[in-house]
Amino acid sequence: MNAVPLGMPAFPAAARDATRNTTLRRNLRHATHTIRDRRAAAVAELDDWAGLRAAGAAVKDQTLRHLDHYLEQAEAAVTAAGGQVHWAADADEANRIVADLVRATGETEVVKIKSMATQEIGLNEALAEVGITAYETDLAELIVQLGEDRPSHILVPAIHRNRTEIRDIFRKTMGEWGIPAPEGMSDEPRELAEAARLHLREKFLRAKVAVSGANFLVAETGTLVVVESEGNGRMCLTLPETLISVVGIEKVVPTWRDLEVFLQLLPRSSTAERMNPYTSTWTGVTDGDGPREFHLVLLDNGRTKILADEVGRQTLRCIRCSACLNVCPVYERAGGHAYGSVYPGPIGAILTPQLRGTTSEIDASLPYASSLCGACYEVCPVAIDIPEVLVHLREKVTEQRGHVVERAALRAAGWVMRDPKRYTALQRAAVRTRAVHPRKVPLPGWGKAWSATRDLPALPAESFRTWWQHRDTPGGTT
Amino acid sequence: MRVGLFLTCVNDTLYPRTGQATVALLERLGCDVDFPLAQTCCGQMHWNTGYGRQVEPLVRGFAETFAGYDAVVTPSGSCGAMIRDNHPRAAARSGDPGLADAVAQVMPKVYELTEFLVDVLQVTDVGAYFPHRVAYHPTCHSLRLMRLGDRPTTLLRNVRGLELVDLPGAEECCGFGGTFAVKNPDVSAAMGADKLRNAESTGADVLCAADNSCLMHLGGMISRRKGAIRTLHIAEILAATETDPEGAMWARTGAHR
């Protein structure tokens, strides 16, 4: 996976800044609550949502169990339909394959459809290094690219921006990338969209090469599927001469019947729509219609390692709907950038540490970026038990070097708790010294972290068990 | 019915009144309540912080301590969920079939307090009296893991004198989250502040829940900010009666017998 952003602090430090940014808090609160409520309404319309969700999870599990079979089936079908299939073990290999394919066309520009996989591998940066410019054509990705920003949401990468900020970005930088923003453009959404339309249309008509990802890959026919709202993706899929799709190996579904389940689950979970406005499917190449050359780059980049982990493998069911982000109380306050990855929110907190490992400060802190409230699991359309995976990853983190003080403290607590006599003795000692217990602990560490905003509870004069033992009861105590 | 009270280490040490209220309430409803002194902690802090390997002795201790009761009642949705969801996982992982068996035996008898009242005793009016305006916060583990549903609010609605108000954003986490509160203190506090703002907007004088750990976090914020609302465990509301509205009797040693 793409490297950790340079100088990225651990999650708590990055999140601290976000909690103090009132504009960001307002933008995120408004956006996440709006989409969260709409999703709940869209899902409530279906009587069989629970059944659909179980089916989605089952199809993904079945496919992952026989992933080798379905990938080879997909490869054969794509090849038979005139496409070429490339296998990339990691980000570097995928980037090299795409760069070579673009260079072979003689072009130095590509248009891009919004794609998480290409962001994960840092494709735009890799192409720039060999002199190829990639133009993002999804409206929100365009805002991020023009603003030299980082995406902060899977579905709505510019969710942290309000329309005034977007107007300023368009005015300032659109001209450097192509058609400039019209004179006197206001921050009305219609005017902003029109400016983007004019800017992007010129790119679509000029581009000879497009790069996409895919939401699904249907193994039985070798068909790729992209679902979107804007139609910009369809422009990229149909106008250029060469199409290169970079697709994670977990995107495969066996049949069109299986696809039907996900085409119901995804739009309602992600944009709260019954059906997304544009669903594009393509199978290899077709004479006289669309690209003449099609390349599928199948990307592993850590996925088989996740598949080998019995608890972690459910992460690969993810269809990138972002329902978990929209409902997450931590994401709402911390914002997407605090996660230091193109995958923010609850799914990012389990996906990123599995893809990148937990050696960096940020990656080791991500499994802890959750109160384990379970809202993410509840809305997940493929029933990924995110809290279970978070706790599983926390165990991996605590088994690494470091955590000396914490490990010692929890070991001591465990030693006390496993023996009622020790537990009772410690409790009695605490009660005896209660007069000198502070309500604030100014020492660094957990005490200070608690006391910055909260008083400690006052210790009562008598624990329950002491009271119980002195209670005059006929039943007695044990 | 012989009920084993699993009070939890937090309540035992910090909130004995919740334990006293639970005992008074259950005895009032005809249960034979016992508090086995061998009980300590469910192991949730270790499990959720990533030290699951240390939980096994606690799981074993719990299963042994509570093996002989008709029912095990705990006034904590969170610790109840730890037992129900994670004790079997910890037992399975231990590789000891005896432990897995012991856990499987005790598990079906474990109830959160409101669940026990409504499902087992089949009581929704516990004869309580509490003349206050109350907001109920359904803590995450009560709501999503224990699935208490409307049991707590049904019980509260039948309390004489009590006015139950709707808490805006009720289903959002308060930000406690165990060690989350100290590992991510800024996000935790931001969530807590929003929860309190919502609670205060209702005009309630009491914010109640089925988990004292969440209330410890919220109560700590209220104490620091000198807020007007106070926190109270639901057991202390359900135990209050017209003859003893402040619980003076149930807190006194042996006085209610």
Selected residue [open to solvent by less than 40 Å² (accessible area, probe 1.4 Å) and within 11 Å of chain A (Cβ to nearest Cβ)] from B:L156, B:L143, B:L148: B:L143
Test: residue in the range A:35-55 that is part of a helix (DSSP H, G or I), under 19 Å from B:M191 (Cβ atoms), open to solvent by 20 Å² or more (accessible area, probe 1.4 Å) and within 14 Å of another protein chain (Cβ to nearest Cβ): yes
Residue satisfying condition, being within 14 Å of chain B (Cβ to nearest Cβ) and in contact (Cβ under 8 Å) with a residue 12 or more places away in the chain, within set A:R356, A:R333, A:R313, A:R320: A:R333
Any hit, the range B:59-72, residues being open to solvent by 30 Å² or more (accessible area, probe 1.4 Å), facing chain A (nearest Cβ under 7 Å) and not basic (K, R): no
Breaking point among (1) part of a helix (DSSP H, G or I); (2) of a type outside the set (V, I, T); (3) touching a residue at least 12 places away in the same chain (Cβ under 8 Å); (4) open to solvent by 50 Å² or more (accessible area, probe 1.4 Å), for A:M174: (4)
Within the range B:107-121, tally of residues that are among the hydrophobic types (A, V, I, L, M, F, W, C), in contact with a Gly (Cβ under 9 Å, 6 or more places away or on another chain) and open to solvent by less than 10 Å² (accessible area, probe 1.4 Å): 2
Filter result (open to solvent by 10 Å² or more (accessible area, probe 1.4 Å) and either part of a helix (DSSP H, G or I) or among the hydroxyl-bearing types (S, T, Y) (or both)) within the range A:221-241: A:T221, A:S229, A:N232, A:R234, A:M235, A:L237, A:T238
Every residue from the range A:409-433 that is within 11 Å of chain B (Cβ to nearest Cβ) and farther than 14 Å from B:L58 by Cα: A:A409, A:T424, A:L426, A:Q427, A:R428, A:A430, A:V431
Any hit, the range A:283-304, residues being open to solvent by less than 10 Å² (accessible area, probe 1.4 Å) and in contact with a Lys or Arg (Cβ under 8 Å, 6 or more places away or on another chain): no
Residues of the range A:151-171 satisfying the condition of being open to solvent by 10 Å² or more (accessible area, probe 1.4 Å) and touching a residue at least 40 places away in the same chain (Cβ under 8 Å): A:P151, A:L155, A:V156, A:I159, A:H160, A:R161, A:N162
Residue satisfying condition, being under 21 Å from A:E241 (Cα atoms), at pLDDT 95 or above, touching a His at 6+ places or on another chain (Cβ under 9 Å) and crowded, with 18+ Cβ neighbours inside 10 Å, within set A:V78, A:V85: A:V85
Test: residue in the range A:332-341 that is open to solvent by 10 Å² or more (accessible area, probe 1.4 Å) and either within 14 Å of the chain's Cα centre (by Cα) or of a type in the set (A, V, I, L, M, F, W, C) (or both): yes
Sole residue being part of a helix (DSSP H, G or I) and within 30 Å of A:T242 (Cβ to Cβ), chosen from A:L316, A:L298, A:L325: A:L316
Selection count where residues are among the charged types (D, E, K, R) and in contact (Cβ under 8 Å) with a residue 60 or more places away in the chain, scope the range A:244-281: 5
Test: residue in the range A:69-79 that is within 21 Å of the chain's Cα centre (by Cα) and closer than 28 Å to A:L265 by Cβ: no
Subset of the range B:43-54 that is within 8 Å of chain A (Cβ to nearest Cβ) and in contact (Cβ under 8 Å) with a residue 12 or more places away in the chain - its residue that is surrounded by the most Cβ atoms within 10 Å (Cβ to Cβ): B:G43
Flag if A:A128 is open to solvent by 10 Å² or more (accessible area, probe 1.4 Å) and over 30 Å from A:M185 (Cα atoms): yes
Residues of the range B:14-42 that turn out to be under 28 Å from A:A413 (Cα atoms), assigned to a helix (DSSP H, G or I) and open to solvent by 30 Å² or more (accessible area, probe 1.4 Å), as a count: 2
Residue in the range A:441-458 that is modelled with pLDDT of 90 or more and farther than 22 Å from B:A189 by Cβ present: no
Residue in the range A:5-22 that is in a helix (DSSP H, G or I), open to solvent by 60 Å² or more (accessible area, probe 1.4 Å) and under 23 Å from A:R317 (Cα atoms) present: no
Selected residue (criterion: farthest from the other protein chains (Cβ to nearest Cβ)) from residues of the range B:168-202 that are in contact (Cβ under 8 Å) with a residue 40 or more places away in the chain and in contact with a Lys or Arg (Cβ under 8 Å, 6 or more places away or on another chain): B:T202
Condition met for B:L218 (surrounded by fewer than 23 Cβ atoms within 10 Å (Cβ to Cβ), of a type outside the set (F, W, Y) and in contact with a Cys (Cβ under 9 Å, 6 or more places away or on another chain)): no
Candidate set: the range B:147-180, residues that are part of a helix (DSSP H, G or I) and touching a strand residue (DSSP E or B) at 6+ places or on another chain (Cβ under 9 Å); chosen: the one farthest from B:L117 (Cα to Cα): B:R157
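The values are calculated or read from the model by the stated rules, or taken from the named source; none is laboratory data. Model, not experiment: these values are computed from the prediction. No Cβ is skipped: glycine too gets one built from the backbone with ideal geometry, and neighbour counts run over all protein chains shown. With ligands, DNA and RNA removed, areas are computed over all heavy atoms of the protein, side chains included. Shrake-Rupley method; radii C 1.70, N 1.55, O 1.52, S 1.80 Å.
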